[in-house]
């Protein structure tokens, strides 16, 4: 009897330890939908209804007094609008509620200082999307090695491209499940973005070496061990020539339109063709980023990058009428190159991929990393002779080498001496604490 109790206690302890090593992981997965023309038309109507719902909410917000801008009042206004306007009835009720919650969350982000004020959504510049907040209504099933089926509200059963194992069927449960999805349309058609959560084994600590990374334009990623990650143009010469022809054709056709006149079908077709080429280039960039960040996360256990303020880096140099800027065209070209590299997305990918493998990503202050000598530590503004060459101006050193690799070694050195940048969440807490004025007792 005592042996049996001892065995039960051991099993309970083992179960406790195994539960303690499990971590909850949330991730997303995007797949292409195979829609018929009728189904695509229905989804287009739902997306336009969602955009119209947002605009009606924004108009309601501006007309209603501040003390009546509540979630309950907005919900009542939405329900009444769906009864009176047949066009809004095309949007499922849960998707309409998702628009309402997203709109109120946008104001909360604005009040917290994370975003600008919400505004009206234009028909052309807005991304067409429909949210499905409840994952239990999707009824996902795999029917083929490459295809799956999903149930879309007011659409029915639709095929989607199966490229990743999802927590459905026997793998589904309370902890492993699809929590929701979002339908998004781009230049290549409609896609579904699943929101999923799983309970997985906590990864063991990564035993890989440390590495510093310097992000640039000529050399996209330079590593402190002397290696680098580069890429070519995302479009071939023929595709670039075709894109240029389409842009010129669109400019010529647009010149014949009067201000405020509706876009013709030929001009819209030209815009769509150019958008598909740009989307192809964007997909190739994301594919390179995924492959590169996966290889880095597999090799290195600790990755150190600069804490770049990209928003400040891409500000225009036009200036004002009283004080006009200099080299405005050159600065505009540099801003486009910075946007094209998408450094922020690369850092985001590295962050979650390292966490999945037991590694960690750290950020250090970016000031002076490109002007400091990684051998002697001497800092001189003119030490960077060219974009690719660094020459130390210290008479006792005189070291010269690749400028990007020199900066990446400085990035790693700052981490090793403890100069780690404060995370954005902690900085926000400090800023809010500084805004609160202490009350004085009377």
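Where a number appears in this text, it was derived from the coordinates with a stated rule and is not lab data. Bear in mind the structure is a predicted one, so any value in this text is a computation, not a measurement. Please note: Cβ atoms are built from the backbone with ideal geometry, for glycine as well, and neighbour counts cover all protein chains shown.
The simple Förster model, with R0 at 41 Å and r as the Cβ-Cβ distance, assigns residue 367 and residue 67 a FRET efficiency of 0.30. In the distance distribution for the chain, Cα-Cα pairs more than 43 Å apart total 30 percent.
Every Cα-Cα pair of segment 299-380 was included, and the share exceeding 15 Å stands at 70 percent.
Note on residue 323 and residue 202: the extension gain reaches 37.9 nm, defined as 0.36 nm multiplied by sequence separation minus the Cα-Cα distance. May I ask for the percentage of alpha-carbon pairs in segment 350-417 that lie more than 16 Å from each other? More than 16 Å apart: 49 percent of the Cα pairs in segment 350-417. Three principal axis extents of segment 23-202 based on alpha-carbon atoms, in descending order, are 54, 43, 28 Å. Taking the average, over residues, of other Cβ atoms within 10 Å as the packing measure, peptides 397-408, 372-383 rank 397-408, 372-383 from highest down. Dividing the summed -39500 (n - 2.57) terms of all DSSP H runs of n ≥ 4 by the residue count of the chain sets its mean residue ellipticity at 222 nm at -14500 deg cm²/dmol. Each of residue 163 and residue 400 was given a label point 7 Å from its Cα along the Cα-to-Cβ line. The distance between the two points is 4.6 nm.
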